[in-house]
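The values are calculated or read from the model by the stated rules, or taken from the named source; none is laboratory data. Bear in mind the structure is a predicted one, so any value in this text is a computation, not a measurement. Neighbour counts run over all protein chains shown; Cβ positions are idealised from the backbone, glycine included.
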Amino acid sequence: MKKLSIINKIIYFVNIILALLLLASYLLPFISPEKLPILAVLSLFVPFLIFVNIIFAVYWLLTVKKQILLSLIILLIGWLTLTPIYKFLDKKIISENSISVMSYNVRLFNLWDWKDDKKIPEKINTFIQEKSPDILLFQDYHTLVNQDFKYKYYYIKTKGKKNKIGLAIFSKFLIINSGSLDLKNTSNNIIFADILKGNDTIRVYNIHLQSLKLKTDKENFGQENSEKLVTTLEEGFKKQVSQTKVLLDHEKNWKGKKIIAGDFNNTSFSWVYTQISKGKKDTFIEAGKGFGKTFDYRFPMRIDYILTDESAETIEFSSFHQKNSDHFPILTSVNWQ
């Protein structure tokens, strides 16, 4: 430190703070937000913290300073312990028996004109027809928007007779059972459907966990009332914990093949994702490429997932940067031996 210039000392001081924050974030998957909700907020910034620590490491490398070791060691620990933030190689396998599954938060088909485009419902419909997934999951579905996705079987659940917002599962295969977990004190929910393909019954969960009310414009992290934002995030994380427990209690009674997908409203560095994905395969990690970004935000945020039981094989995974919602659709193909 003594040999550093004043500017480099300031840079290194900032480096220390951001490196330690990144190191602290490695504990997030093991700490329930019920205990330390303020710490859970950090999970949203892990991609940013990784990126800035890479920048620091490159800077110290170019200036030939031993200070590179701080960020380098912490980044290495994260590489060995965290779920990947970036996948360099994808995987595609030819399989005739695979099932394609799409998850898409459609933001009510732009019902309240978040985007200045009256053709959003039509564009979403065209996209769905082009990809034609075998199983289609919608979050933020709205029954008053006239859509025909040409699926013979479906299960749609809204939060009430007057509230037309909810979740939907569409299937090319027969749905022999379906239901709702009816989450309390929230507009969010979890539904499921048992889908029959040949002799196999596949349990499909469609999840929409508590929204953290992040926005893609400047109203969030740049807003003056930051205390209100933090409070909102903390309450959202606490609700996600209880909702996750409801899901896991219900899921443990199903021993067969399963798919758990939807909008978790949390990153893969969170306690929520860690609990839900335990004993399962993340199809992005298995066969994806790139950041797998699913939320239209300033830095890569992957908060939508398609998980399978461990007996499934992921054939391929894709995310699509369709600007028809604040979320991007994700599509995977899976197979069971």
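In table form, for the structure just shown:
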| quantity | calculated |
| --- | --- |
| Subset of the range 288-304 (residues that are of a type outside the set (A, V, I, L, M), within 24 Å of residue 203 (Cα to Cα) and touching a strand residue (DSSP E or B) at 6+ places or on another chain (Cβ under 6 Å)) | 288, 294, 304 |
| Filter result (among the polar types (S, T, N, Q) and assigned to a helix (DSSP H, G or I)) within the range 117-151 | 125, 126, 129 |
| Elements of type helices (runs of 4 or more DSSP H) contained in the range 1-81, each with 1 or more residues being under 19 Å from residue 270 (Cβ atoms), modelled with pLDDT under 95 and in contact with a helix residue (DSSP H, G or I) (Cβ under 6 Å, 6 or more places away or on another chain) | 6-25, 37-40, 46-62 |
| Check on residue 13, surrounded by 19 or more Cβ atoms within 10 Å (Cβ to Cβ), out of contact with any Lys or Arg (no Cβ under 7 Å at 6 or more places or on another chain), more than 30 Å from residue 239 (Cβ to Cβ) and aromatic (Phe, Trp, Tyr) | no |
| Lone qualifier among 228, 245, 258 - being of a type in the set (Lys, Arg), in a helix (DSSP H, G or I), at pLDDT 95 or above and assigned by TED's automatic domain parsing to the domain that holds residue 291 | 245 |
| Residue satisfying condition, being out of contact with any Leu (no Cβ under 7 Å at 6 or more places or on another chain) and farther than 21 Å from residue 168 by Cα, within set 332, 294, 274 | 274 |
| Residue count, the range 261-314 (criterion: buried (at least 23 other Cβ atoms within 10 Å of the Cβ), on the phi > 0 side of the Ramachandran plot and outside any loop (DSSP other than H, G, I, E, B)) | 1 |
